[in-house]
Structures are given as structure tokens and as C-alpha cells.
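Everything below concerns the one structure shown next.
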Amino acid sequence: MSTRWKSQLHHDTSEMFWFRFAHAGSKFLLVGVVWTIFSFQYPFAGLRHFLPVLFGDDSRQSPGWEICPQQANLARTVFEIAQESYPEIDMDGYLRKLADIVKNIKISLRDETEPEQIIKTINRVLFNELQFTYVQTGDLDSLSLNRVLDTKTGNCVGLSLLYLCTAEELRLPIYGVSVPEHIFVRYDDGDFRRNIETGYEGMFTPDSYYINMPGKRISQTSIRNGCYLKNLTRNEVIADIYLNRSLIQKEKDNVQAALQDANRAIQLHGNDAVAFCNRGVMYEKMHDSDRALDDYNKAIALNPDYAPVYYNRGSAYASMEIFDRAIMDYSKAISLHPNFTLSFYNRGIAFKMIGRGDLSIEDLSHAIALDPKFALAYAQRGLVYAESGEPEKALADFNKGLELDPDNTEIYMKRSILHADAQRFDEAIADISTFIQRTKGNAFAYYIRAKAYRGKGEIEKSLEDYNKMIELNPRLAGVYYERGQIKNQLKMTDEAIEDFNIAIELFPYNPLAYLHRGNTFLKIGKNERALNDYEIYLKLNPGAPDREEIRNTIEVLKGHRDN
């Protein structure tokens, strides 16, 4: 297989993968899809009956089924596209290498006319004598024909290109065939038809092998409409070259170049669900959710049994906070591919976001059962346990997550908050300090540590962290309010009033800011200002538990003013 769903944690044997998004906390891990499909077709029919002329006298009349001389050579076209990535390519040199391979195969074939023997001979020459080897990678080297010829290694894409270019020179009816996330070749002369798996040294595989593959199913509608399992045209081969290159460009964050190639691919091959699904991922990368959804919808129309597109569309809805639709799409992806860990993981987070902690825990537990080393699933389940009032289970999950992935700084933050809530301030400070050391510039981390230091009674250290947080994010009213309280504790009265002023300026509806500023004014003898703040406090918070005490204070201050 040449591709897989994007996942940093799900162990899979496919070749190309990358991440779209991996956000911590209550955000979503959004996983996309990569496809590297190359394929080729020649419009031959009944070739089987003419094979003897291939190796006969060159003076004989050319058969009517041979390649049109005006049609560009496939290998040259492939090398021209490769030249954009490898400018130094010696095109004529590589064409000579292919010619040598073709010569070897011709010598081995002699006068053979039976398709089965022809296939066996080609497989023997390519995979046994010349020792071309399959690799499960999706980089440019493993799929570009020039590099395949250099290294004698290639993924299913590179080896299929080798097979097809060789077949073209031999004038054999061998076609590229695409299925979701994969490419193989097929001998089809109208009378004899045989699928050839280049990833398995030419092993035969029936069409039925591909139709119900988990996560990559092909609907009968798709097959009837000619989307998959058909012999592909030259344009569709070229389209898949552009598509594959666009995916590699995306891995390198060359998003505009990736999109340009994806558009070329779709213009040349407009009924490939995989291509639309991939372009949707690119649009998401560009934060264009509307176009992403449009492409996902097109992909579903082309192949309604393709699980990854439901997963991707669900992730797009989740990023838009349309959680009900996200859950429906994740559920559809699960029904089509019940063992894909990340579908359960993301649906579990979506359930958390709509307040269904019970269903969230169930899904995250299922993800862990599928992949017991899924550190992020433990971290997210720990968060749900914490919010559900089960701190012991939450702590166990955070500990397990860090055991599996000691470099996951986000778990340190989550565990720090849990420790702080339980007033284990030393442990909270240790965890959040680790997070701060590894993640620079996170204002919220300093806030957590400031609160922990304050809970522990280390007021000066708490003030230092409040200062750092405000330096990083100077527009948070509540932080100025809390720092004002700290400054009051340190008898920095004027500075405390300044912080309360800023807090009220940024958010004039916080009654506690008026209360504490009023208390500070009262402490330094500014009774009128204190009186005004107390009155605003009660106006904003008429049901305050200390309302009687504040009313009494107001009456006393008014009495002093009258006297």
C-alpha cells in the first residue's frame, strides 16, 4: 500500500503520512489522508494475438494496435515532471537505462506469447535478476522513476511506473489501476486479465481483495461510475503524478505549490474521491473550511464507502465547533473502519465538548484498547475524569500518559492543574515548571504557577509569575485583578490600585474588582472613592453573600461624610 491516514501514534504499514493538526487541551487532533497513486493505460484491445511480431523481422508491416507515433513517450513525460524536482536529471541517460531493462526482458521472453508466462518473465527480470525492491515510504526518491532506477528501490508508485514504462516499450497491454490509497498494474488484452501487485513482486490479487479493505472500501456505485478498479488513461496517470507531488509539497509546508499541483490533478482526473479528499486537507491547512467541506462532500459523492473522508470531514466540523455533525461523521468512519484508533479518539473529544463525559470516556477507553500506547488518549481521558470529579482516575491516566511519552509537555500542564486543585502545590509547581522550561512563552503556564505559589504562601514568587503573564498577555482583566490582590498582601497599595483600575478599564462588569479597590481605598482613607466602589459592587452583584456587611459599611461611610 502506498498511503495511510495521518496519525502520529496509530501504527500502520502504509507509506505516506503527515499531520494536519495536533492541538492539546480541549482542541482536536485532526488527522488527514495522503494518497500516492500512479497509474497508466494504453487503449489496446486483443493484443494477445499479435505478440509474435514484437520480436520478429523489423521490416514487417507495423501492427494496427501499436502505440500512435504522435503520442508522447510515457517515460519521457514522467522524467520531465521529475526534472522539476531534480533539475540535474540526465533524461537521455535514464531512458537508456530503461531501454537496457527492456532489452533484458525481450531476451528472456524470446518468442513467448502466453500472457501468464510474459508476466512471470517480467517479474523475474525486475524483481529477481535486477532486484528492484519494494519500500514502504512515500518520499520523492521512492516514487520518482529516476531515483527508482538509481537505487533499485521504490514504493508501489515508483515500481508501478517502472512496470508501466517497461510495458510501453514492449507494447504490452498493461495498465495502471487505482484503488483508494494504492496503485497496481494490470495485464488486460481483452481475453486475459490479471492484476499485478508491484509491491509484492508481481503477485496476483483479484479485484475482490481491494473492494472491502478496512477503511478503504470501494462502493459498487464508485466501481460502476468508473472511479476505481478500471484501466486508467494517460491523463489519469499524469494527474496522479501531480497529486502525489502536491502531497509531498504539503509535507514540506509548501502549501501554495501543493494546492497548484492538486488542482492540476483534479483537472486531469475529476472523478477521484481520494484527490478531492486530499485537496480538502490542504484547504483546511489554509484555514478555508468552506472549500474543505465542499471537497469532502464531492469525495463522498464519488465514493460513499471511503472511511477517511468522513473522518476528515468530522475533524473539519470539530474545528468549526459543529460537534453534532462531527460526531455523526466520526461514527460513520467507525462503521466503515471499526479499528481506526483516531476515530474513537476524536469522537471522544467531541463528546467531551458537548458535555457527554460518559460517552467521551467510553470512546477514549476504546481508543486505548486499540492502541495501549496511545499517550494522548490517556491524557484526554484523564482530563475528562478530572472534570467528572474522579481525580484519582485522572491522576492515574496522566501518570500513564507521561510514562508512555515523557516529552509530552501538555500532560505536565494537565497534571499540574490536577495537583493544584488538590492543593498539592509542590507537585503542581514541579510539573508546571517542567512545562515552562520546555514550552517558551505560554502565558497560561505562568498563571498556573502563580496560583500555586499563592496557594503555598510564596507571595513574592507568585507576583513574579503574574508579572510574566501580563508581559506575555497584557489584555487579561482578571489577571490584573488577581495581581492587585497580591500587591495588597505585599503592602504595595498604590500599585494594587493601579492594577484594579486597569482590570476595571478592561472589563467594567467585574464586581469583585470594585470590592477590592474599595477595600484598598478604605485602607488608605479615601472614603468617598471606597463608598462609590462599594455601591457599584452591590449594583453589579445584588445577591452577594456579604451584601449586608457592605451595606453597613456604606451607611457608616455616609454617616462620616454627613458629620
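Looking at T553, is it open to solvent by less than 80 Å² (accessible area, probe 1.4 Å), over 27 Å from S462 (Cβ atoms) and not small (G, A, S)? Yes; evaluated as a whole, the condition is true for this residue. Residue-level analysis places A386 among those that are open to solvent by 20 Å² or more (accessible area, probe 1.4 Å), closer than 20 Å to I361 by Cβ, assigned to a helix (DSSP H, G or I) and not aromatic (F, W, Y). Selection within the range 366-383: residues that are assigned to a loop (DSSP other than H, G, I, E, B) and not aromatic (F, W, Y). The member of this set that is most open to solvent (accessible area, probe 1.4 Å) is K373. In the range 347-365, the residue that is least open to solvent (accessible area, probe 1.4 Å) out of those that are charged (D, E, K, R) and part of a helix (DSSP H, G or I) is D363. Which one is nearest to E129 (Cα to Cα) among residues in the range 170-196 that are among the charged types (D, E, K, R) and crowded, with 20+ Cβ neighbours inside 10 Å? My answer is R186. Taking first residues from the range 458-473 that are more than 17 Å from A430 (Cα to Cα) and partners that are open to solvent by 70 Å² or more (accessible area, probe 1.4 Å) and of a type in the set (A, V, I, L, M, F, W, C), the Cβ contacts under 8 Å between residues at least 6 apart in sequence or on separate chains come to M469/F444. If the condition is being hydrophobic (A, V, I, L, M, F, W, C), more than 47 Å from the chain's Cα centre (by Cα) and open to solvent by 30 Å² or more (accessible area, probe 1.4 Å), then the range 499-522 contributes only L522.
When every residue of the range 304-313 is checked against the conditions, at least one turns out to be open to solvent by 10 Å² or more (accessible area, probe 1.4 Å), hydroxyl-bearing (S, T, Y) and either closer than 21 Å to I81 by Cα or in contact (Cβ under 8 Å) with a residue 24 or more places away in the chain (or both).
In the range 144-169, which residue that is under 24 Å from L109 (Cβ atoms) and polar (S, T, N, Q) is surrounded by the fewest Cβ atoms within 10 Å (Cβ to Cβ)? Per the criteria, the residue is T166.
Taking the range 465-485 as the range and being farther than 25 Å from I554 by Cα and either buried (at least 21 other Cβ atoms within 10 Å of the Cβ) or over 44 Å from the mean Cα position of the chain (by Cα) (or both) as the test, the residues that pass are D465, Y466, M469, V479, Y480, R483.
Residue pairs whose Cβ atoms lie under 9 Å apart, sitting 6 or more positions apart in sequence or on different chains, and linking a residue in the range 283-297 that is hydroxyl-bearing (S, T, Y) to a partner that is not in a helix (DSSP H, G or I), are S289/M320. Of the residues making up the range 197-219, just one is assigned to a loop (DSSP other than H, G, I, E, B), surrounded by 19 or more Cβ atoms within 10 Å (Cβ to Cβ) and over 26 Å from the mean Cα position of the chain (by Cα), namely G202. Taking the criterion of being in a helix (DSSP H, G or I) and closer than 17 Å to A377 by Cα, the residues of the range 335-346 that qualify are T341, L342, S343, F344, Y345, N346. Scanning the range 242-288 for residues that are aliphatic (A, V, I, L, M) and open to solvent by 50 Å² or more (accessible area, probe 1.4 Å) gives L268, M286.
With respect to the conditions (1) hydrophobic (A, V, I, L, M, F, W, C); (2) open to solvent by 30 Å² or more (accessible area, probe 1.4 Å); (3) in contact with a Ser or Thr (Cβ under 7 Å, 6 or more places away or on another chain), A496 lacks only one, and its number is (2).
The values are calculated or read from the model by the stated rules, or taken from the named source; none is laboratory data. Note that the coordinates shown come from a computational prediction; the quantities given were computed from them, not determined experimentally. Neighbour counts are summed over all protein chains in view; Cβ atoms, including those assigned to glycine, are modelled from backbone coordinates with ideal geometry. Just the protein is used for accessible areas: all its heavy atoms, side chains included, with ligands, DNA and RNA removed. Shrake-Rupley method; radii C 1.70, N 1.55, O 1.52, S 1.80 Å.
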